[in-house]
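Before any comments, here is the structure.
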Amino acid sequence: MKKILLSSFICCLSSMTFAAETIHWGYDKDISPEHWGELSENYKTCSAGKNQTPININSTYASTVKHKVDIEYKVSPKDIVFNGHTVQVNTKDDSDYLVLDNQKFFLKQFHFHTPSENQIKGKSYPLELHFVNANAEGQLTVLAVMFELGQPNSEWNKLWSDLSNKENDAKDLTHTVDLEKLLPKKREYYRFSGSLTTPPCSEGVNWIVLKQPLTISAEQLKQFKAVLKDEANNRPLQPVNGRIVIED
Ligand SMILES: [Zn+2]
């Protein structure tokens, strides 16, 4: 049971898989983010929640204690799928993890948004990568990496070479992908409490946004946009309300 619940909370999973996710949602017209809260009883946190993601990371508090985030992503992921909302890469079970607050959060999947969902001091990026991690209790930590346009990313083409443009048509990866190359060298970050950025917008998610952006080429970004049929897949900024953003 725990496993089923956990999976349904993971951002951007296939809408086919779980009853709570069968209500169709999107980024445009009458199913766009401002309507998510009305589409289903299960999605009401999308409009009623007070700790929603994404946010504009603006005023921050410097951490007095060094809270290191130890990222141990060593194993090449399993498969890649366009799930109708994003391109998602699924990992091999519990092989990669990060350590936050002395707890292990295992990497379940990662996926992309264009343009970025979170902003840093009002700056939007062309691409944001979300690594979705869960601990044994099913609590989530999303690790976000921003991308600017520039040099191509070496791992991107390896991932994309196996991608099927057909919805929910997962393909096994045929190349070894080095996840370290999808992470910046500097691990300084912003941390706040937030939510899934897709329905059901569940709260209580730890957000770690790495400060240092990576680059992808314009051509690589174009490949992702083509899969999305040039529709943006970023949820608009949400109010920060009483939350504090820690800078480390
Ligand atoms: Zn996401």
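Read-outs: derived from the displayed coordinates by stated rules, not from any lab. It should be emphasised that the depicted structure is a prediction, and the values quoted were computed from it without experimental measurement. All Cβ positions, glycine included, derive from the backbone under ideal geometry; neighbour counts span all protein chains shown.
Couple of notes before you dig in:
- Screening Thr141 on (1) over 28 Å from Leu228 (Cα atoms); (2) within 16 Å of the ligand (Cβ to nearest atom) shows it passes everything except condition (1).
- Scanning segment 58-111 for residues that are touching a strand residue (DSSP E or B) at 6+ places or on another chain (Cβ under 6 Å) and among the aliphatic types (A, V, I, L, M) yields Ala62, Val69, Ile71, Ile80, Val81, Val87, Val89, Leu98, Val99, Leu100, Leu107.
- Every condition in (1) touching a residue at least 24 places away in the same chain (Cβ under 8 Å); (2) within 30 Å of Cys46 (Cα to Cα); (3) more than 16 Å from the ligand (Cβ to nearest atom) holds for Gly150 except the one numbered (2).
- Restricting segment 166-204 to residues that are in a helix (DSSP H, G or I) and among the aliphatic types (A, V, I, L, M), the residue that is nearest to Val227 (Cα to Cα): Leu182
- Of the residues making up segment 190-210, those that are under 20 Å from Glu148 (Cβ atoms) and either surrounded by fewer than 24 Cβ atoms within 10 Å (Cβ to Cβ) or among the small types (Gly, Ala, Ser) (or both) are Tyr190, Leu210.
- Within segment 105-126, considering residues that are charged (D, E, K, R) and not in a loop (DSSP other than H, G, I, E, B), the one farthest from the ligand (Cβ to nearest atom): Lys123
- Yes/no for Leu129 being assigned to a strand (DSSP E or B) and farther than 24 Å from Glu231 by Cβ: no
- Qualifying residue in segment 99-106 (condition: surrounded by 21 or more Cβ atoms within 10 Å (Cβ to Cβ) and either in contact with a Gly (Cβ under 7 Å, 6 or more places away or on another chain) or farther than 26 Å from Val240 by Cα (or both)): no
- Any hit, segment 34-45, residues being closer than 30 Å to Glu188 by Cα and either in a loop (DSSP other than H, G, I, E, B) or small (Gly, Ala, Ser) (or both): no
- Given (1) in contact with a Lys or Arg (Cβ under 6 Å, 6 or more places away or on another chain); (2) over 24 Å from Gln223 (Cβ atoms); (3) not in a loop (DSSP other than H, G, I, E, B), index of the condition Lys92 fails: (3)
- Residue within segment 233-240 that is within 16 Å of the ligand (Cβ to nearest atom), within 29 Å of Gly49 (Cα to Cα) and either free of Cβ contacts under 8 Å to residues at least 24 places away in the same chain or aliphatic (A, V, I, L, M) (or both) present: yes
- Pairs meeting the criteria (first residue in segment 85-99 and over 20 Å from Asp162 (Cα atoms), second residue part of a loop (DSSP other than H, G, I, E, B) and hydroxyl-bearing (Ser, Thr, Tyr), beta carbons under 7 Å, at least 6 apart or on different chains) are Asp96/Tyr73.
- Hey, Ala136 within 15 Å of the ligand (Cβ to nearest atom) and either among the aliphatic types (A, V, I, L, M) or within 27 Å of Leu173 (Cα to Cα) (or both) or not: no
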